[in-house]
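Values quoted throughout were computed directly from the atomic coordinates according to the rules given, and no laboratory measurement underlies them. Everything quoted here is computed from the prediction, not taken from an experiment. FYI the Cβ positions are ideal-geometry reconstructions off the backbone, even for glycines, and counts take in every protein chain you see.
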């Protein structure tokens, strides 16, 4: 049974969402398509991000995975097993293999941290005498050992999310579903949670499905990104490719939020030169393109704006420049050839 | 003045005991049944838990019927039932039957309300853990709703004291009945004042205690 081929297949489609559609009935009785014909295979051990603007259907997809919401059409497979119609005990056992964390943490507010975590252990009939030991282990993992007897109201947002993570990991799940898990946190705390999830992913070999509209998080955390728009999956690729080169306009709009450079209007207006935007990705990012251009064509290049982002530890650079000199045209052609993208963002105003 | 003291010596102890008897028995019944019915009303109306329109409509209608009959009428209407349960139709024990019925219906609605205050996300996240319904009821619903349940029981307790005054109709006796028999029919203003003051003090104390417990266990 467990041949290499089979295992490989399992790893490629650890979770599979097949042709999923979800239809809601609004209060006025109108049918709304939250998700339509969504198909995606999630690999074992990867951190998959599902991004999209709000209302794109991301959360619905997340909730389809553990069947908190049942798709109106299509099927959900977990390790090759069709779980769409699971009920009762079978469904509960599947859910124990999938941890979930939320934007607003959703802890039991009137139970201590210990009891919140113990709840998940009780759900899986964990041996009662060993619960406290396991709770200590989990709190250690998320760095909250001294908060065992605190109530959620006594914790900060980041600490609450750590408790939620500890709780979700209590039954050694194989998947962690994160529904906007950093969206209610300030940027620093969000970074901490991202780091924690990354650690957990590598330490526990846990598959992570992370829903977010925060591109900053996407940049730091995801191995692969699925882009949703209007209930549909429009693009899926490894993170770097999504950031470097978007196929769809909707994706571009999302990515631009992180990567675009803004130049004050006054700068653009008062300059009599043309502005070009250069992006360079992958190996090209390391080449001394600008200095080569200057030397070869004897032109002046001024850098107006620029930044280099690291996505999955790979550089991704953007520069906005102006070029002047006799061999300007040749320089431009050279740049076009050796950069990933070279576009005119504004022509010279005084020409 | 002497007359008033006389009546107090002779009847107040007995009346207090009767009130205590009627209210305590009814409160125990209303708490147990009220929690069960309140929980039933809640879980059968919640699509995440055990949504069941038929059971919900039946239990809801029963509760509404009990709640819409004025208590003084209910006292009389349930006399045959009282006869079956207690064996007699007069006295404080007999009064506990209509009192319990009325307070159960009242309490059930309040308890249902206490459960519906729980954030739906909290319930959803507990479902996502794969917990059984029973575990969710025990460790989430009751834990989250407990302060509100205590407040609901406090309100029911106080209403019961009020209703028990009407139990005189079926010979239930009690403090309220003392006020009517002596304070009203026999113009013993002293008795009226004393009994009313007693009731006010008791109610104040119960409310104080209820608030105190509810706050002590509320960690939100």
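Against the longest principal axis of chain B, how steep is helix B:189-217, in degrees 0 to 90 to the nearest 10, with axes from Cα atoms? Tilt of helix B:189-217: around 20 degrees.
Just checking the listed ones, A:19, A:132, A:313: in the Gaussian network model of chain A with Cα springs under 10 Å, the one fluctuating most is A:313. Computed over region A:294-351, the quotient of the alpha carbon radius of gyration and 2.2 N^0.38 Å is 1.26.
The length gained on full extension between residue A:198 and residue A:149, counted as 0.36 nm times the residue separation minus their Cα-Cα distance, comes to 15.0 nm. Over chain B, what portion of Cα pair distances is larger than 22 Å, expressed as a whole percent? Result for the distance tail: 57 percent. Taking region A:275-317 and a reference point 7 angstrom along Cα→Cβ of residue A:337, the backbone N atoms nearer than 13 Å belong to A:293, A:296-297. Kirkwood radius, region A:136-230, all distinct C-alpha pairs, inverse of mean reciprocal distance: 14.0 Å. Relative to the longest principal axis of the Cα atoms of chain A, the long axis of helix A:249-259 lies at roughly 80 degrees. Taking B:145, B:103, B:131 in turn, the Gaussian network model of chain B (Cα-Cα springs below 10 Å) assigns the largest fluctuation to B:131.
What FRET efficiency do you get for residue B:211 and residue A:85 if R0 is 51 Å and r is their Cβ-Cβ distance, rounded to the nearest 0.05? List each step's numbers first, then the result.
Values: r = 49 Å, r/R0 = 0.96.
For R0 = 51 Å, the calculated efficiency reads 0.55.
Debye-formula intensities of region A:53-143, expressed as log10 I(q)/I(0) at q = 0.11, 0.15, 0.22, 0.24 Å⁻¹, are -0.43, -0.75, -1.17, -1.23 (one equal scatterer per alpha-carbon, no solvent). Using a simple spin-label model with pseudo-atoms 7 Å out from Cα toward Cβ, residue A:136 and residue A:11 lie 3.6 nm apart.
So what is the relative contact order for chain B, in percent, with contacts set as C-alpha pairs under 8 Å and at least six apart? Working shown, then result.
Working: 267 pairs, mean separation 61.3, N = 220.
28 percent.
Measure out, as a whole number of angstrom, how far apart the alpha-carbon centroids of region A:219-253 and region B:146-197 sit. Cα centroid of region A:219-253 versus Cα centroid of region B:146-197: 71 Å apart.
Could you tell me what a quarter of the Cα convex hull surface of region A:14-79 works out to, in nm² with one decimal place? Write out the running numbers ahead of the final one.
Values: hull surface 18.5 nm².
So the mean shadow area of the Cα hull is 4.6 nm².
Once R0 is set to 45 Å, what does the formula 1/(1 + (r/R0)^6) return for the Cβ-Cβ distance between residue B:73 and residue A:205, expressed as a FRET efficiency to the nearest 0.05? Please report the intermediate quantities before stating the final value.
On the way: r = 69 Å, r/R0 = 1.54.
The pair residue B:73/residue A:205 has a calculated efficiency of 0.05.
Take every residue in peptide B:114-126, count the Cβ atoms of other chains within 10 Å of its Cβ, and give the average of those counts.
Numbers: counts 0, 0, 0, 0, 3, 3, 1, 6, 8, 2, 6, 16, 6.
Averaged over the peptide's residues, the number is 4.
Here the Debye sum runs over all C-alpha atoms of region B:69-152 as equal scatterers in vacuum, and log10 of I(q)/I(0) at q = 0.17 Å⁻¹ comes out as -0.73. Each Cα pair of region A:1-154 feeds into the Kirkwood radius, which the Stokes-Einstein equation turns, at 20 °C and 1.002 mPa s, into a diffusion coefficient of 118 µm²/s. Springs join every pair of Cα atoms under 10 Å in this Gaussian network model of chain A, and among A:103, A:28, A:246 the largest mean-square fluctuation is at A:28.
Taking every C-alpha pair closer than 8 Å and separated by at least 6 residues, the mean separation divided by the residue count of chain A gives a relative contact order of 17 percent. Using the empirical formula 2.2 N^0.38 Å as the baseline, the Cα radius of gyration of region B:169-220 reaches a ratio of 1.63.
Partner shielding of A:82-95 amounts to 1, given as the average count of beta-carbon atoms from other chains within 10 Å of each residue beta-carbon.
Of the Cα atoms belonging to chain A, the radius of gyration and Dmax stand at 24.4, 82 Å.
Axis angle, to the nearest 10 degrees, between helix A:131-141 and the longest C-alpha principal axis of chain A: 10 degrees. Placing R0 at 51 angstrom, the Cβ-Cβ distance between residue A:245 and residue B:54 gives a FRET efficiency of 0.35 after rounding to 0.05. With labels modelled as points extended 7 Å from the Cα through the Cβ direction, what inter-label distance (nm, one decimal) is found for residue B:84 paired with residue B:186? Reported label-point gap for residue B:84 and residue B:186 is 3.9 nm. How big is the gap, in Å, between the Cα center of region A:31-106 and the Cα center of region A:126-186? Here the answer is 22 Å between Cα centres.
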